[in-house]
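Reviewing the structure listed below.
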Amino acid sequence: MTEPESFFADGDIATSSLLPSGYLSASQINTYLRCQMQYYWRYVQDIVRPPKAVMAEGSALHKSLEHALRSKMSGTGVYLSLMKDAWRQTWAEKEKEVEDWTDEGKSSFCQQAETRGMKFVEMYHEHFLPTIEPKGVEQDFQLLLGKSKIPIRGFIDLIDGVGATKSVVDHKVVDRAKSEAEVDGDLQLTLYAQAMGISNVRFDCFVKTKSPKIVKLASTRSVRDFVWIELLVDRVVQGIQSGNFIPCAPGSWSCTEKQCGYFGICRK
């Protein structure tokens, strides 16, 4: 996405120039909090690892949902066949980039992913889409946050509803549904709520159980949450600018060759 000239005020460019990407996003902040060295390899050294199979599956479903929600927002018909076509087309593009096919192997994963994908699309089209009032789809946002006016950028999957019921929504393809505590404390949803001035937030979880299911989990954000996220972002930027990147604990779930694409680099 091209940076709008109006995004930075005079003096804000100094802060952005000290960040590897010139801005922060929810994924960057979460990466830094999970493992500072992982952030270093990805955003400071700009080493991009090939996507995992599960990421390709998530991209395919996101594109299918985007097609359906944009069609409904524009007032045109939402056809199940076109939602399925969008899933298959995106999957065909993304699966070419995948190197890690998990322990299942490529053939098995592809078959299971398409079966799940078609089931999710059918369920969403029949049971969830009729109740949704899309007011924004893949909505981009930009804001300056914290005492240092840190540039924050991102995209919101869906803005749903009107008035007091309006919510910012993120779609998640997961092995298990998020818990209420995870929704209440999620950093990404807090940033989205603050950016749009909307207090209601929601995860629509597409759960990859034996019988796939879709679970909606809602929460709210308050001024207290916004004060906290500004404090957190300021501290993250201070850490990045210090140039002292600390690895996460070796026993962490994320510090394994399976979970981290940079594991080999760190352990050399």
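The values are calculated or read from the model by the stated rules, or taken from the named source; none is laboratory data. Since this is a predicted model, take the numbers as computed values, not measurements. For neighbour counting, all protein chains shown are included, and Cβ atoms are generated from backbone atoms with ideal geometry for every residue, glycine included.
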Problem - In the range 38-77, the residues that are over 30 Å from Lys119 (Cα atoms) and crowded, with 18+ Cβ neighbours inside 10 Å - result: Gln38, Tyr39, Tyr40, Trp41, Arg42, Tyr43
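The rows are residues; the columns are (1) without any contact (Cβ under 8 Å) to a residue 12 or more places away in the chain; (2) more than 17 Å from Tyr32 (Cα to Cα).
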site	(1), (2)
Val183	no, yes
Asp186	no, no
Tyr192	no, yes
Gly197	yes, yes
Asn200	no, yes
Glu230	no, no
Val237	no, no
Practice task
Looking only at the range 209-225, decide whether some residue is of a type in the set (Asp, Glu), part of a helix (DSSP H, G or I) and either farther than 24 Å from Gly58 by Cβ or within 22 Å of the chain's Cα centre (by Cα) (or both).
Solution key: yes
Practice task
Output the number of the condition that Pro20 fails; it satisfies all remaining conditions of (1) surrounded by fewer than 16 Cβ atoms within 10 Å (Cβ to Cβ); (2) in a helix (DSSP H, G or I).
Solution key: (2)
Problem - Residues of the range 82-105 satisfying the condition of being at pLDDT 90 or above and within 23 Å of Lys213 (Cβ to Cβ) - result: Met83, Lys84, Ala86, Trp87, Arg88, Thr90, Trp91
Problem - Enumeration of residues in the range 144-161 that are surrounded by fewer than 17 Cβ atoms within 10 Å (Cβ to Cβ), in contact with a strand residue (DSSP E or B) (Cβ under 7 Å, 6 or more places away or on another chain) and either part of a loop (DSSP other than H, G, I, E, B) or at pLDDT below 95 (or both) - result: Leu144
Practice task
Take Leu129 and decide whether it is aliphatic (A, V, I, L, M), in contact with a strand residue (DSSP E or B) (Cβ under 6 Å, 6 or more places away or on another chain) and crowded, with 16+ Cβ neighbours inside 10 Å.
Solution key: no
Completion exercise
Across (1) under 20 Å from Leu158 (Cβ atoms); (2) outside any helix (DSSP H, G or I); (3) among the β-branched types (Val, Ile, Thr), Thr102 clears everything bar (1)
Exercise for the section: Would you confirm whether any residue within the range 90-100 is in contact with a strand residue (DSSP E or B) (Cβ under 8 Å, 6 or more places away or on another chain) and either closer than 18 Å to Val207 by Cα or surrounded by 18 or more Cβ atoms within 10 Å (Cβ to Cβ) (or both)? Expected result: yes
Handout entry: Thr31 surrounded by 15 or more Cβ atoms within 10 Å (Cβ to Cβ), among the polar types (S, T, N, Q) and either touching a Phe, Trp or Tyr at 6+ places or on another chain (Cβ under 8 Å) or not in a helix (DSSP H, G or I) (or both)
Key = yes
Handout entry: Number of positions in the range 34-68 that are small (Gly, Ala, Ser) and assigned to a loop (DSSP other than H, G, I, E, B)
Key = 0
Handout entry: Subset of the range 172-189 that is at pLDDT below 95 and among the basic types (Lys, Arg) - its residue that is surrounded by the fewest Cβ atoms within 10 Å (Cβ to Cβ)
Key = Arg176
Exercise for the section: Working only within the range 78-89, note down all residues that are surrounded by fewer than 19 Cβ atoms within 10 Å (Cβ to Cβ) and aliphatic (A, V, I, L, M). Expected result: Val78, Leu80, Leu82
Fill in the blank from the handout: Filtering the range 252-268 for residues that are out of contact with any Phe, Trp or Tyr (no Cβ under 7 Å at 6 or more places or on another chain) and free of Cβ contacts under 8 Å to residues at least 60 places away in the same chain leaves a count of 6
